[in-house]
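Notes for the one structure printed next.
The values are calculated or read from the model by the stated rules, or taken from the named source; none is laboratory data. As the structure is a computational prediction, the values presented were derived from the model and not from experiment. No Cβ is skipped: glycine too gets one built from the backbone with ideal geometry, and neighbour counts run over all protein chains shown.
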Amino acid sequence: MSKPLLNALQGQIEPRPPFWFMRQAGRYLPEYREIRKRVPSFLDLCYTPDLAAEVTLQPIRRFHPDGAILFSDILVIPDALGQSVRFTEGVGPQLEAIASADDLTRLSAADTNSHLAPVFETVRRVKAELPEDVALLGFAGAPWTVATYMVEGGTSRDFAQTKLWARRDPDGFDRLLELLVTATSGYLVSQLDAGADAVQLFDTWASAVPADQFERCVIAPTRQIIANVRAAKPAAKFIGFPRGIGPAIKKYAAETGVDCVGIDSALSPAFAAEALQPGCAVQGNLDPMALLAGGEAMLAAAAAIVAALRDGPFIFNLGHGVVPQTPPQHVEALAEFLRSGTQK
Ligand code: CP3
């Protein structure tokens, strides 16, 4: 049986656009909160294959999307490199910040994959349980975005330390990006070996990269990861999600090697259809706040996106992740609408 999401990644136009939702697993689901209570920390959940597989499958049972995304986090890479990572309720991620090239000596990509073995086991378990027509998506953070967490020590408003380091010590910062390229390439190859059908690179904070650093911090590391992974897995399919970069997404789509580009809610679907779809598939881009608001307005917004993008290869998604306050009923209504194909 074919998987509609993979068909779209191969450039096909599906009769009904396939869909999944970023952050489709997580705190907005009561059954997720139940499982989350069983482990002391969020990373324990990521590293417990039984539980991680269960929470990956929860939204599949409820909403029947065309894709399941592995339950893990982009910050397992710094954790595997040897940087301490903690998630604190209400605060978000906290890392022991690295401040300079000297701190890189504390990190090593030598056995990231043995540290991450439980994640690959999760992939195998999910794969065994998924319906045949549902694609299993692996993922990782793109080097720039992961670097911001490593250097700022958590979420940031202005990314000042990361940007300063990139300018003051270009060689040292490039070594950090290279370390991330190496670890991330190996991580994704192992996800694909374990059964992931395609992978997504999340570059959530690409929006913060100055134009003169864009090639170096976003394009080059992404292109390198894709080339490394394809050297081992020539058929590997990639979705890139460089959030908030505006029209620079044209360059990203043309030069990184992605099969599909994820667009955030600020980008007009009409622009994406015209500027991107001739070259690759497009994924997006309903505003997560439209999903939170729900109702007819949500369905109308979804229908407008489908109308703009359905004549080219297209995967329906949000423009960013489901927010924790979202009523599951709204997600259900949206999924039903997309499955029905009535938005034609
Ligand atoms: O359903 C899915 O999308 C799969 C799992 C997934 C999570 N994080 C689970 C998670 C995925 C794909 C991610 C990616 C991720 N993680 C990104 C890129 C996408 C994006 O949202 O921009 C980023 C930037 C992170 C880093 C991260 N993880 C932050 C900043 C936080 C804390 C903020 C928050 O929402 O609490 C996390 C924690 C996290 N990752 C949770 C989940 C379900 C919540 C933690 C909990 O349940 O205790």
Tell me, which residue of the range 245-260 that is in contact with a strand residue (DSSP E or B) (Cβ under 9 Å, 6 or more places away or on another chain) and over 19 Å from F314 (Cα atoms) is surrounded by the fewest Cβ atoms within 10 Å (Cβ to Cβ)? A248
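When the residues of the range 297-327 are filtered to those that are within 16 Å of the ligand (Cβ to nearest atom) and either part of a strand (DSSP E or B) or modelled with pLDDT under 95 (or both), which remaining residue is farthest from L29 (Cα to Cα)? Show your work before the answer.
Taking the range 297-327 and keeping what is within 16 Å of the ligand (Cβ to nearest atom), we get 315-326.
When the remaining residues are screened for being either part of a strand (DSSP E or B) or modelled with pLDDT under 95 (or both), the result is 315-318.
Working: I315: 23, F316: 21, N317: 18, L318: 17 Å.
Selected residue: I315.
Restricting attention to the range 17-70, which residues are of a type in the set (K, R) and under 18 Å from P131 (Cα atoms)?
Restricting attention to the range 17-70, the residues satisfying the condition of being of a type in the set (K, R) are 23, 27, 33, 36-38, 61-62.
Matches in the range 17-70: R61, R62.
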Would you mind finding the one in A80, A140, A135, A68 that is in contact with a His (Cβ under 6 Å, 6 or more places away or on another chain) and either hydroxyl-bearing (S, T, Y) or crowded, with 19+ Cβ neighbours inside 10 Å (or both)? A80
Name, by its number, the condition in (1) more than 22 Å from I74 (Cα to Cα); (2) in a loop (DSSP other than H, G, I, E, B); (3) within 19 Å of the chain's Cα centre (by Cα) that does not hold for M289. (2)
Of the residues G11, G26, only one is under 29 Å from A333 (Cα atoms), in contact (Cβ under 8 Å) with a residue 12 or more places away in the chain and under 17 Å from the mean Cα position of the chain (by Cα); which? G26
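Among the residues of the range 83-93, is any in a helix (DSSP H, G or I), in contact with a Leu (Cβ under 8 Å, 6 or more places away or on another chain) and more than 30 Å from D171 (Cα to Cα)? Steps first, please.
Restricting attention to the range 83-93, the residues satisfying the condition of being in a helix (DSSP H, G or I) are none.
Within the range 83-93, none of the residues are in a helix (DSSP H, G or I), in contact with a Leu (Cβ under 8 Å, 6 or more places away or on another chain) and more than 30 Å from D171 (Cα to Cα).
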Residue pairs qualifying under the 7 Å Cβ cut-off, at least six apart or on distinct chains, with the first in the range 138-164 being more than 30 Å from D66 (Cβ to Cβ) and among the aliphatic types (A, V, I, L, M) and the second being within 12 Å of the ligand (Cβ to nearest atom) and not in a helix (DSSP H, G or I), are M150/L95
G240 passes all but one of the listed conditions (1) within 16 Å of the ligand (Cβ to nearest atom); (2) among the small types (G, A, S); (3) surrounded by fewer than 17 Cβ atoms within 10 Å (Cβ to Cβ); the exception is number (3)
Looking at L104, L29, L43, which one is aliphatic (A, V, I, L, M), more than 10 Å from the ligand (Cβ to nearest atom) and modelled with pLDDT of 95 or more? L104
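Among the listed residues R86, R62, identify the single one that is among the basic types (K, R), over 30 Å from A333 (Cβ atoms) and within 16 Å of the ligand (Cβ to nearest atom).
Working: R62 fails: over 30 Å from A333 (Cβ atoms).
From the options R86, R62, the qualifying one is R86.
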Taking first residues from the range 221-235 that are touching a residue at least 60 places away in the same chain (Cβ under 8 Å) and closer than 10 Å to L201 by Cβ and second residues anywhere that are small (G, A, S) and part of a helix (DSSP H, G or I), the pairs with Cβ under 7 Å that are 6 or more apart or on different chains are I225/S185
Failed condition for G154, given (1) on the phi < 0 side of the Ramachandran plot; (2) within 13 Å of the ligand (Cβ to nearest atom), with all others met? (1)
Being β-branched (V, I, T), near the ligand (Cβ under 10 Å from one of its atoms), surrounded by fewer than 22 Cβ atoms within 10 Å (Cβ to Cβ) and assigned to a loop (DSSP other than H, G, I, E, B) narrows it down to one residue among I74, I35; which is it? I74
Here the qualifying pairs (Cβ atoms under 8 Å; residues six or more apart or on different chains; first in the range 88-111 and farther than 13 Å from L179 by Cα; second in a loop (DSSP other than H, G, I, E, B) and small (G, A, S)) come out as Q94/G153; L95/S84; L95/G153; E96/S84; E96/G153; A97/G153
